[in-house]
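Comments concern the structure below.
Here, each number is a calculation from the coordinates, and none is a lab measurement. None of the values given here were measured: they were computed from a predicted structure. FYI the Cβ positions are ideal-geometry reconstructions off the backbone, even for glycines, and counts take in every protein chain you see.
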Amino acid sequence: MLELKDIFGGYGKMTILNGTSFKIDRGTITTVIGPNGAGKSTVFKAIFGLLRIRSGQILLDGTNVTSNTPARMLSHGVSYVPQGRNLFPMLSVRHNLEIGGISSPDQAKIRRRIDAVMDQFPILREKADSQAITLSGGQQKQLEIARALLLEPRLILIDEPSIGLSPQMINETFRTLIRLRDEGVTILMVEQNAKAALAMSDYGLVLEQGRARMYDKADKLLHDPRVGQLFLGAHLEEEA
Amino acid sequence: MTEFIQLLISGLATGSIYALAAIGFTLLWQASQTINFAQGEFVMLPAFFVLAGMHFLGLGFGPAILLALVASLLILGLTFKRVIIDPLLPHGVLPVVIATIALGILMKESVKQFYSAEAQPFPALFSERTITVLGAVVSVQDIAVLLISLSAVGLLQFFLTGTKTGRCMQATAQNPAVAEILGVNVKRMILYTFLINAALALLASVLISPIYLAKFNNGETLGLIAFIAAIVGGFNQIRGAIAGGLLIGVIDNLAAAYVSAQYRSAIPLILLIIIILIRPQGLLGKAEGRTV
């Protein structure tokens with residue numbers, strides 16, 4: 001579904017992505033893991049058009065979407081939930097959702113979609129007129145995910161969804177992602193909580209120094225001693 | 001008591017004009033982290049656009065105001081953003097502060113040089129009649145100024161909260177990176193903010209000039225008081241700017257009558273110091289965090 005071919009890019013003169021290449025399948029959850037500075041969040045920015053890459057190609061279902069703007073990526077059915085708090089704190093829950101669909105030319109459909117995602121996340125209906133800042137951390141994350149669903153994306157890029165959440169809320173968020181996967185949405189996720197993330201994913205991708213070093217079924221990676229070695233700070237041996 | 005009511009209404013009228021200018025500070029700060037130290041001159045200049053339209057182009061007062069609106073939107077909105085703010089803002093807030101101080105001086109001296117150094121009479125928008133309210137004699141002009149300013153603020157609030165474009169502007173002010181990710185045209189929203197500020201400056205100019213006459217240095221006091229009003233009310237809240245403007249207008253009037261006319265201009269500064277000491281985020285403002 002999504003294929004990255006030999007991507008090079010970074011910030012200013014600093015190169016973060018050093019020939020990143022990988023492919024993910026439709027209707028799966030793939031977790032990207034790797035040490036700090038491996039380029040996990042940067043690869044998401046490159047896919048979503050927030051970082052102009054120097055070379056390489058990004059294909060979405062065979063269509064070249066390299067260096068598309070975020071607005072174009074939304075129209076291609078890609079949503080991005082960045083790391084941290086991503087809400088408009090002083091706007092109501094309903095208006096936060098509304099802005100998630102602002103790029104759609106069919107606003108009547110967006111109004112129906114807001115109703116539909118509120119059915120999926122009942123707490124958001126309950127708090128529809130409350131300011132987003134009044135929601136708990138878990139509820140805020142649910143609102144971010146709900147907002148990303150408004151345009152009925154084929155692919156969701158979600159960066160560190162568990163950050164700042166209680167264990168109970170992390171489980172709740174992961175269950176939501178599994179439900180979305182079961183509905184056919186493809187999910188590419190960056191997660192520091194690698195064990196928990198791989199346990200609920202279909203595939204795992206290990207990034208190191210801006211290159212995809214391992215890609216396999218998540219349960220295999222979970223039990224691979226080299227993954228543990230990587231997270232202890234060691235570098236992977238160059239594969240023959 | 002009747003004198004108090006009279007002073008209160010006239011203070012609210014002047015304060016509502018301060019509020020219009022103070023809202024400009026707040027809007028630009030929220031949308032683009034810009035502090036415009038030429039804001040006072042932004043209120044001074046449109047009156048001269050109107051006068052130039054009337055005297056050099058022979059326009060009537062109404063068409064001259066329309067001309068001034070177009071000129072304000074183009075010069076104080078679009079050109080200000082494109083020529084000064086856009087190139088300087090990536091280098092931080094300080095270059096913008098210095099540039100806007102310089103712009104204020106340029107605008108002031110240009111009006112002095114090319115129009116006149118003398119105060120110019122400005123056509124009154126309303127009758128100079130007075131009416132009696134609760135026994136107090138109040139000018140129709142004061143009441144009209146108050147009503148028009150508050151209506152403009154009400155319309156602005158309705159636009160920002162009641163329309164999709166307004167909410168996109170709020171979203172841009174609250175979290176521009178995420179607004180862009182969701183497909184909001186962030187650049188356009190910021191431009192709208194600058195255009196609204198220019199329109200508010202024109203309104204304030206047309207309302208205040210019949211009272212204080214149009215003069216090249218009107219912006220000095222007005223800009224300072226509006227800045228103080230924005231800080232006193234809360235720099236990051238429109239309702240704070242409104243409250244700050246009205247409060248300063250009323251306190252200024254009451255202080256002149258009951259304390260000392262000589263020290264009236266010190267009163268807003270004293271208020272500013274007190275507010276900064278006890279509530280730095282302003283009366284209705286919210287504390288802002290900064291990550292370094």
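Summary table
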read-out	value
Local electrostatic count at B:GLY233 - Lys and Arg +1, Asp and Glu -1, tallied over other residues with Cβ under 13 Å	+3
Sites matching trypsin sites (Lys or Arg not before Pro) across the stretch B:188-292 that sit in DSSP coil, with at most 13 neighbouring C-beta atoms within 10 Å	B:ARG290
Phi-based couplings in Hz for the stretch B:253-270 (Karplus 6.51, -1.76, 1.60; Gly and Pro marked x)	5, 5, 5, 5, 7, 9, 9, 6, 5, 5, 9, 4, 6, 7, 4, x, 5, 5
10 Å Cβ shell holding at most 12 others, DSSP loop, GluC sites (Glu not before Pro): longest site-free stretch of chain A	A:1-182
The stretch B:2-278 - percent relative contact order, Cα under 8 Å, separation 6 or more	39
Excluding exposed DSSP-loop trypsin sites (Lys or Arg not before Pro) (at most 13 other C-beta within 10 Å), longest clean stretch of chain A	A:55-240
Listed residues A:ILE110, B:LEU28, B:LEU247: farthest to the positive end of the dipole of the protein assembly as shown (Cβ charges)	A:ILE110
Using a Förster distance of 35 Å, the FRET efficiency for B:ILE5-B:GLN33 (Cβ separation, nearest 0.05)	0.30
Residue mean of other protein chain beta carbons inside 10 Å, A:95-105	4
Formal net charge of residues neighbouring B:GLU118 (Cβ-Cβ distance under 12 Å; K, R +1; D, E -1)	+2
Within the protein assembly as shown, percent of DSSP bridges classed antiparallel, to nearest 5	60
In the stretch B:99-128, GluC sites (Glu not before Pro) in a DSSP loop with at most 15 other beta-carbon atoms within 10 Å	B:GLU118, B:GLU128
Estimated distance in nm for a label pair at B:LEU66 and B:THR132, the labels positioned 7 Å out from Cα along Cα-to-Cβ	4.2
Estimated inter-spin distance, B:VAL83 and A:MET14, nm [label 7 Å along Cα→Cβ]	3.7
Shielding of A:83-94 by partner chains, average beta-carbon count, 10 Å	4
Shape call, the stretch A:107-167: gyration tensor on alpha carbons, a/c limit 1.5	oblate
Label-to-label distance, nm, for residues given as B:ILE273 and A:ASP115 (7 Å Cα→Cβ offset)	6.1
Total formal charge among the other residues, if their Cβ is under 11 angstrom from that of B:LEU195, Lys/Arg +1 and Asp/Glu -1	+2
Share, in percent, of DSSP beta bridges within chain A that are antiparallel, nearest 5	55
Cα centroid separation, the stretch B:100-164 to the stretch A:173-205 (Å)	58
Chain A - mean residue ellipticity at 222 nm from DSSP helices (-39,500 (n - 2.57) per run, n ≥ 4, rounded to 500)	-10500 deg cm²/dmol
Trypsin sites (Lys or Arg not before Pro) within the stretch B:46-138: DSSP coil, no more than 12 neighbouring Cβ in 10 Å	B:ARG129
Percent antiparallel among DSSP beta bridges (both partners in the stretch A:107-240, rounded to 5)	55
Most mobile listed residue (A:SER41, A:SER92, A:SER162) in chain A, GNM with C-alpha springs under 10 Å	A:SER92
Cα gyration tensor shape of chain A, rounded if a/c is under 1.5, else prolate or oblate by comparing a/b with b/c	prolate
Alpha-carbon centroids, the stretch B:218-292 and the stretch A:101-140: separation in whole Å	38
Chain B, dipole about Cα centre (Lys/Arg Cβ +1, Asp/Glu Cβ -1), debye to the nearest 20	640
The protein assembly as shown shape via C-alpha gyration tensor axes, a/c threshold 1.5	prolate
Distance violations [Cα-Cα > 19 Å] among A:LYS40/A:LYS195; A:LYS127/B:LYS187; A:LYS109/B:LYS164	A:LYS127/B:LYS187
